[in-house]
Amino acid sequence: MDTATVDVGELTELLLDEQFYAGDPHPVLARLRVEAPVVRDRRYGFWAVTRHRDVFEISRDNDRFVSGYGVNLAHFVPEPLPVPGSLLSCDPPIHTHYRRTLWDAFTPTKIRALAPLVRARAVALLDAFAADTDAPVEIVSALAVPYPLIVLAELLGLPIDDWHEYGHWMDAAVRTNNPHALAEDRAVVDHMRVFLLQAVAERRGTDAPGVITMLADHRDADGTPLTDRELLMFLLQLFIAGNETTRNTITGGIVALAENPAQWAMLRADRSLVDKAVEEILRYTSAVTHFFRTALVDTSVGGVPVAQGDKIFLSYTSANRDAEAFGPTADQFHIARSPNPQLAFGFGAHFCLGAALARLEVRVLLEEMLDRFTALELAGPVVRLPNVAIAGFAHAELRFDRA
């Protein structure tokens with residue numbers, strides 16, 4: 001497809017093509033934002049929404065736009081039957097109940113308490129390759145994969161030495177979001193389900209540390225425990241979403257800093273910019289490409305009539321590069337960007353529960369890298385993963401100049 005000259009209505013065909021995100025999707029998304037910011041897809045019938053203001057408005061309006069009919073193409077349902085334990089594909093009041101159930105693991109106090117553990121893991125991984133900075137480092141396998149997996153394993157109460165196997169599970173689980181998922185990947189996810197339910201059974205009533213024990217022993221106000229289906233869905237969401245988003249945000253952020261050496265120099269000169277740099281990394285990488293919502297009533301989006309029951313594709317990848325929200329430098333990486341209304345965590349009722357943990361992991365990693373490296377340089381081509389849901393990285397080699 002010649003994306004520069006083809007009819008704009010045909011561009012929506014790319015939005016659910018896993019190869020689209022393995023390349024550079026931004027020229028296509030920019031054209032959609034300008035020429036057809038709310039446009040109907042001819043193949044599946046959904047509305048593609050690419051402007052920041054429209055994605056923001058839909059995300060915060062749970063009265064008109066709901067998640068219960070499915071948030072990705074592979075899991076659409078004709079009726080909003082609540083999936084037990086699913087934060088992604090349910091709506092208030094059950095969504096509110098589930099969020100409260102998990103909130104105790106993510107309170108500000110709990111996240112602050114995790115900081116020493118997170119830092120220790122970042123230090124160990126960076127020290128493993130920081131001594132030999134002449135050799136290129138493949139940061140996906142050496143840093144971005146193990147770091148959030150080990151942190152999550154400790155948070156959940158799982159053995160951290162098995163992170164390689166957890167990584168295999170995560171890769172398979174993310175691939176099941178593609179329209180033509182392989183049976184082998186579904187089998188791997190089934191194995192993960194068995195493992196997690198066994199972990200629940202082993203920890204119930206033991207007072208062992210970790211979120212698995214907390215959920216296994218949870219009781220609602222009326223004394224009702226969580227069902228196995230609820231427990232399993234909670235753990236799958238925490239494990240998969242908490243890993244894949246952070247893993248690819250880290251890789252994308254380090255690559256962006258290597259591609260923009262003046263930004264790394266600016267950060268080294270002024271460490272007060274670290275928190276702003278974290279927000280810019282989140283915006284620029286946009287690890288989650290999209291989610292769907294369904295119109296609950298006849299309404300409109302950006303002045304375009306939308307019928308009850310219509311599916312709406314919210315492009316976070318596009319919204320986070322919208323010049324209307326981020327100015328003429330929206331396509332550029334600027335660590336001091338302010339304001340920065342990035343939507344990498346979504347917004348509204350479905351704002352990412354683990355946002356504070358992800359921010360902590362990225363911030364700590366930046367701080368430790370600043371202590372060690374004067375410069376970052378790409379040592380070869382960056383290879384992205386083909387996936388419709390996650391803007392992922394398969395390979396990224398860098399050289400690091402030691403401080």
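Read the figures in this text as sums done on the coordinates, not as results from a lab. Please read these numbers as outputs of a predicted model, since none were measured by experiment. Please note: Cβ atoms are built from the backbone with ideal geometry, for glycine as well, and neighbour counts cover all protein chains shown.
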*Give the relative contact order (percent, whole number) for segment 268-403; include only Cα pairs under 8 Å separated by 6+ residues.*
26 percent
*With at most 15 other Cβ atoms within 10 Å, longest stretch of the chain clear of loop trypsin sites (Lys or Arg not before Pro) (DSSP)*: 205-403
*Where in the chain are the DSSP H helices whose alpha-carbon span along the long axis reaches 20 Å or more and whose Kyte-Doolittle mean is at least 1.0?*
none
*Once amide H atoms are placed 1.01 Å from N in the peptide plane, what residues at a sequence separation of 5 or more from Thr374, or on another chain, have their amide H within under 5 Å of its amide H?*
Asp401, Arg402, Ala403
*Roughly what would the spin-label model give for Asp162 and Ser338, points 7 Å off Cα along C-beta, in nm?*
4.5 nm
*Where the centre of each part is set by its Cα atoms, how far does segment 105-148 sit from segment 189-216, in angstrom?*
25 Å
*asked:* I need the chymotrypsin sites (Phe, Trp or Tyr not before Pro) found in segment 310-375, filtered to DSSP loop residues with at most 15 other beta carbons within 10 Å of theirs.
replied: Phe351
*Please turn the phi angles of segment 62-74 into ³J(HN,Hα) values with the Karplus equation 6.51 cos²θ - 1.76 cosθ + 1.60 (θ = phi - 60°), one per residue in order, whole Hz, x for glycine and proline.*
7, 7, 9, 10, 10, 9, x, 8, x, 10, 9, 4, 5
*Could you work out how far the C-alpha centroid of segment 157-175 sits from that of segment 351-390, in angstrom?*
18 Å
*Distance in nm between label sites at Glu367 and His97, each 7 Å beyond Cα in the beta-carbon direction?*
3.9 nm
*asked:* Taking 8 Å as the Cα distance limit and 6 or more residues as the minimum spacing, I'd like the relative contact order of the chain as a percentage.
replied: 27 percent
*Return the loop-located chymotrypsin sites (Phe, Trp or Tyr not before Pro) in segment 250-309 (DSSP other than H, G, I, E, B) with at most 14 other Cβ atoms within 10 Å of their own Cβ; answer none if there are none.*
none
*Please report how far the C-alpha centroid of segment 234-272 lies from that of segment 57-101, rounded to the nearest whole angstrom.*
28 Å
*Candidates Asp322, Asp220, Asp298: whichever shows maximal mean-square fluctuation once the chain is modelled as a Gaussian network with Cα springs under 10 Å*: Asp220
_What distance in nm separates the two pseudo spin-label positions at Asp17 and Ala113, each 7 Å out from Cα along the beta-carbon direction?_
5.0 nm
*Would you kindly state how much longer the chain becomes between Ala128 and Met266 on full extension, computed as 0.36 nm times their sequence separation minus their alpha carbon distance, in nm to one decimal?*
47.1 nm
*What's the FRET efficiency of Asp275 with Ala74 using the Cβ-Cβ distance as r and R₀ = 22 Å, to the nearest 0.05?*
0.05
